[in-house]
1. Run the simple label-point estimate for A260 and I54 please: 7 Å along Cα→C-beta, distance reported in nm.
2. Could you work out the local net charge near L264, counting Lys and Arg as +1, Asp and Glu as -1, over the other residues with Cβ closer than 12 Å to its Cβ?
3. How much of the calculated P(r) for the chain lies past 24 Å, in percent of all Cα pairs?
4. Given +1 on the Cβ of Lys and Arg, -1 on the Cβ of Asp and Glu, and no further charges, what dipole in debye does segment 128-275 carry about its Cα centre, rounded to the nearest 20?
5. Please list, by residue number, every one of the trypsin sites (Lys or Arg not before Pro) in segment 211-279 that is coil in DSSP and has at most 16 other beta-carbon atoms within 10 Å.
6. Report, in debye and to the nearest 20, how large the dipole of the chain comes out about its Cα centre when Lys and Arg carry +1 and Asp and Glu carry -1 on their Cβ.
7. Please give, to one decimal in nm, the separation of the simple spin-label points placed at I219 and N335, each 7 Å out from Cα toward the Cβ.
8. Kyte-Doolittle mean at least 0.5 and Cα extent at least 30 Å along the axis: which DSSP H helices of the chain qualify?
Amino acid sequence: MIRIALDAMGGDHAPQAEIEGSILALTTLPATFRIVLVGKADVIEAELARHPEIDRSRLGVCHAPDVIAMDEKPLSAVRKKPQSSISIGLGLVKAGEAEAFVSAGNTGAVLAASTILLGLHDGVERATVGTLFPTSDVPCLVVDGGANVDCTSRELLGFAYLGTVYTRDVLGRPSPKVGLLNIGEEEEKGNATAKEAHQLLKTAPNLNYIGNIEGRDIIAGHSKLGQLDVVVCDGFVGNIVLKFYESVARLILSLVRKKAPDVLERKDIREVFRHLDYSEYGGAPLLGVKGVSIICHGSSSPNAFKNAVRVATTAVEHDLSGRIGAEFARREAANTA
């Protein structure tokens with residue numbers, strides 16, 4: 001049995017979107033899968049009452065009296081609210097009562113609580129959010145997607161390894177190509193941190209680093225050196241790119257609706273816009289912690305939560321945490337040899 005603890009109080013549309021998304025997820029998952037909704041039990045039960053058709057044997061409730069708001073300082077909030085839905089949900093994973101945690105709550109709080117409660121694998125300096133971006137080819141993974149605003153060059157190197165493990169062992173790409181997001185492809189481009197990171201990445205063993213890449217390469221899904229699988233950057237840049245990406249998709253859809261609405265009746269065109277819809281990608285794994293923790297967009301829809309549960313179950317099934325631990329253990333052994 002795989003059990004997913006889902007923060008029912010974290011998103012902008014809580015708990016309606018979380019519950020509807022959970023119901024959708026359970027219709028697509030085998031009977032051995034179970035979801036535990038974490039949050040204020042009375043609020044959750046009131047919403048569940050609107051869905052008498054659901055199989056309650058597969059959908060549990062775990063009471064958490066507190067909620068961490070989006071505008072609270074993450075670390076302080078985690079410490080002051082040990083009974084929050086984020087801390088209680090991650091506590092289920094730590095206690096072995098759930099295999100994964102999913103939340104659309106305060107990203108910084110999920111990062112802080114995951115790091116404190118689950119811990120980092122040996123050799124991991126900082127956990128990172130791995131966000132899938134649609135491209136003209138297969139999606140590429142951007143690390144960091146917004147959790148770590150300020151990063152050192154060594155932390156960016158760690159992100160490259162974390163992204164490589166996820167892309168290789170979960171997404172099934174044998175030798176993922178890694179690029180460093182920069183303002184140009186040339187060696188001398190970038191700020192001090194980017195220049196240092198570039199040099200570290202160039203000499204890093206067991207890493208398929210192709211060099212500096214530019215923002216336009218993400219959309220294309222490749223640079224001059226071929227397919228792009230992992231894009232490394234700090235969370236400040238990564239989150240700006242992510243939000244810009246989302247706004248471009250909405251702009252294109254809005255223009256089509258205004259100028260050529262009949263086009264949207266075509267199945268192939270609807271498939272194109274589905275490809276650009278962030279909710280199809282569900283949630284982003286927090287890479288580097290001892291366990292599976294999935295971070296969702298604050299305004300996640302039921303479809304986004306359904307797909308976030310899919311991302312969580314896939315990570316569990318592929319033993320993502322164990323594979324990251326093994327990869328960094330090998331790195332540590334090689335560094336001390």
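Throughout, read-outs are computed from the coordinates displayed, never taken from laboratory work. Since the structure is predicted, the reported quantities are computational estimates derived from the model, not experimental observations. Please note: Cβ atoms are built from the backbone with ideal geometry, for glycine as well, and neighbour counts cover all protein chains shown.
1. That separation, rounded to one decimal, is 4.1 nm.
2. Numbers: positive: R257, K258, K259, R266, K267, R270, R274; negative: D262, E265, D268, E271.
Result for the neighbourhood of L264: +3.
3. Details: 30901 of 56616 pairs.
I get 55 percent for the Cα pairs in the chain exceeding 24 Å.
4. On the way: 18 positive and 19 negative charges, 118 e Å.
The dipole of segment 128-275 has a size of about 560 debye.
5. Values: sites: R216, K224, K243, R250, R257, K258, K259, R266, K267, R270, R274; in loops: K224, R266.
Sites meeting the loop and neighbour criteria: K224, R266.
6. Values: 36 positive and 41 negative charges, 37 e Å.
So the magnitude is around 180 debye.
7. Reported label-point gap for I219 and N335 is 3.8 nm.
8. On the way: long enough: 235-259 (36 Å, 0.68).
TM-like helix candidates: 235-259.
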